[in-house]
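Working notes for the structure below.
The values are calculated or read from the model by the stated rules, or taken from the named source; none is laboratory data. Since the structure is predicted, the reported quantities are computational estimates derived from the model, not experimental observations. Cβ: placed from backbone, ideal geometry, glycine included. Neighbour counts: every protein chain shown.
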Amino acid sequence: MRYVATGRVHPERADVTMLPPIVWTGSDGFKITLSCESSQLTVVLDDPPVDGFVAAFLAAKQWARAAVSALSFALGTGYTVELIQLVEESAAVRVFGVRTEELMFAPHEPIFTASIRLSAQDVFFRMALVDYARGMADETECAAYCYRAIEAIKSAFGPGDDKELWERMHSSLGTSRDEVETAVKAFADPIRHGNWSSFPPTGRQQRTEMLQVTRNVLEKYLALRKPSA
């Protein structure tokens, strides 16, 4: 089975080129061919050990990030990867969006307005939002970003030691320690400590759940602080 993923390297104006193509070959016959010209990425997966097009897209994204991160290291330049679509061997085209409908507020305007106001007043909430947004965009490190976002909100309940802050947060927001630890922390810990060999694989359902738990903490904190106009 062959999959071809395409996307770009940001900042696109950097005009990143990696030619000739980079080729990785696994012992099981799995081959990855990656090329980039004028910041336009192409990743070809031949016979990847994946189950379906979503897993193939995520595998292509990980390998693209590996190559682009190596170039970042060599050039002392911060590049990021955006893969957009995947073409299957059958010629079916899969375009991957950026929104998770289960996480969207409807209507969204009141949340947006209140979040802007609180962000201007509260550095903990501002940085928690940044990490939450990163978690939505990064399937691999989603758990770590979610947990750091929750930790930022916890820190807003200081001063005090860590145990006191967690207890104060859960008491004030009506959130659950067990839920945070089961849905988020258990997946975040290996990443936070760089122990990738112990990182449990996550599917869309698990990532959505950890994002929902994080969103719940942020939403309740936003309501509690009642930002002024």
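Before moving on, here are some points about what is shown:
- Considering (1) surrounded by 16 or more Cβ atoms within 10 Å (Cβ to Cβ); (2) on the phi > 0 side of the Ramachandran plot; (3) not basic (Lys, Arg), the lone condition that Val81 does not fulfil carries the number (2).
- Val16 being at pLDDT 95 or above, assigned by TED's automatic domain parsing to the domain that holds Gln85, assigned to a loop (DSSP other than H, G, I, E, B) and on the phi < 0 side of the Ramachandran plot: yes
- Whichever residue in the stretch 93-146 is in a helix (DSSP H, G or I), of a type outside the set (A, V, I, L, M, F, W, C) and touching a residue at least 60 places away in the same chain (Cβ under 8 Å) and, among such residues, is surrounded by the most Cβ atoms within 10 Å (Cβ to Cβ): Gly135
- Candidates Ser90, Ser69, Ser171, filtered to the one that is in the same structural domain as Thr17 (by TED's automatic domain parsing), out of contact with any helix residue (DSSP H, G or I) (no Cβ under 6 Å at 6 or more places or on another chain) and either crowded, with 19+ Cβ neighbours inside 10 Å or part of a helix (DSSP H, G or I) (or both): Ser69
- Out of Thr113, Thr17, Thr80, sole residue that is within 22 Å of Tyr132 (Cβ to Cβ), more than 20 Å from the chain's Cα centre (by Cα) and among the β-branched types (Val, Ile, Thr): Thr113
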